[in-house]
Amino acid sequence: MRIDVFTLFPEWFEWFSGQHHVRNAIEHGAELRFFHYRETTPLTGGQVDDAPYGGGAGMVLRVDVVDAALRRAYEAEGASPRVILLTPGGRRLDDALARELVAEPHISLLSGRYEGVDERVRERLADDAVSIGPYVLSGGELAAMVVVDTVIRKLPGALGHADSAVEESFSEALEGAPEYPHYTRPAVYRGWKVPDVLLSGDHERVRRWRAEQARRRAR
Ligand code: 6GU
């Protein structure tokens with residue numbers, strides 16, 4: 001799978017790209033690339049934004065700037081990724097959407113900044129608009145990291161243990177329920193005990209207990 005991120009702040013992603021699970025996914029064949037709007041802007045002086053028509057505060061990311069970045073990235077190689085605008089008004093990210101995205105061979109995430117992004121980006125250039133939750137961030141960069149993280153951890157090899165992503169919270173294996181509780185050593189700490197069933201060695205009882213706990217958390 002290939003994931004491209006378009007941004008005005010590529011340096012924000014340096015730390016993220018260095019994280020173990022991200023590097024693992026890349027070593028297993030995932031591709032993660034970053035594109036800086038400023039490097040492909042058709043405007044002079046690295047301009048990427050402009051004042052809003054109709055007036056008002058703040059600046060708006062220009063449609064010609066986003067179009068130039070997409071064309072430069074894809075036209076020569078004839079790539080046609082699913083283009084996703086990151087915006088607080090988009091479709092809410094959940095596990096179903098993450099599964100939908102991980103099934104794509106190639107996605108592009110467009111981060112916006114400033115007061116907003118020219119609406120023609122959403123109407124004409126993007127296939128989808130996605131939000132990570134009901135609050136407003138200063139830009140799409142953190143949202144892009146959240147989307148990339150939820151998607152790549154579903155790719156083979158991103159997590160150390162092959163089954164870790166299968167049974168995790170909200171996944172299909174748990175029928176969309178939040179995850180069951182986890183415990184590790186010590187078995188008793190300050191008198192706080194780990195449930196006996198987990199120490200029983202009876203895998204079937206453990207499986208049933210975990211399924212019941214996950215259902216309970218869902219309620
Ligand atoms: Cl995708 N972008 C911004 N700026 N704020 C958000 C968001 C995205 N999702 C939730 N809040």
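The values are calculated or read from the model by the stated rules, or taken from the named source; none is laboratory data. Values in this document were obtained by computation on a predicted structure and should not be read as measured data. Reconstructed Cβ throughout: ideal geometry from the backbone, glycine too, with neighbour counts over all protein chains shown. Note: accessible area is taken over every heavy atom of the protein model, side chains too, but ligands, DNA and RNA are not part of it. Shrake-Rupley method; radii C 1.70, N 1.55, O 1.52, S 1.80 Å.
In table form, for the structure just shown:
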item	result
With every protein chain in place, the chain: carbon and sulfur % of accessible area (1.4 Å)	50
Computed [θ] at 222 nm, deg cm²/dmol, the chain (DSSP H ≥ 4; -39,500 (n - 2.57); rounded to nearest 500)	-8500 deg cm²/dmol
L155, L97, ranked by accessible area, largest first (probe 1.4 Å)	L155, L97
Rounded to the nearest 20 debye, dipole of the chain from Cβ charges on Lys, Arg, Asp, Glu	900
Segment 37-107: GluC sites (Glu not before Pro) in DSSP loop, at most 12 other beta carbons within 10 Å	E75, E77
Residue-wise HN-Hα coupling along segment 68-81, computed from phi with Karplus coefficients 6.51, -1.76, 1.60 (Hz; x: Gly, Pro)	4, 5, 5, 4, 4, 6, 10, 4, 4, 8, x, 6, 9, x
Choice from S131, S200, S108 with maximal GNM fluctuation in the chain (Cα, 10 Å cutoff)	S200
Counting all C-alpha pairs of the chain, share separated by more than 25 Å (%)	49
Exposed chymotrypsin sites (Phe, Trp or Tyr not before Pro) absent: longest stretch of the chain, with sites in DSSP loops and at most 14 other Cβ within 10 Å deemed exposed	54-134
Amide H within-cut-off set for F35, under 5 Å, with H built and near neighbours excluded	V5, F6, T7
Distance cut-off 15 Å, percentage of C-alpha pairs in segment 172-218 lying past it	49
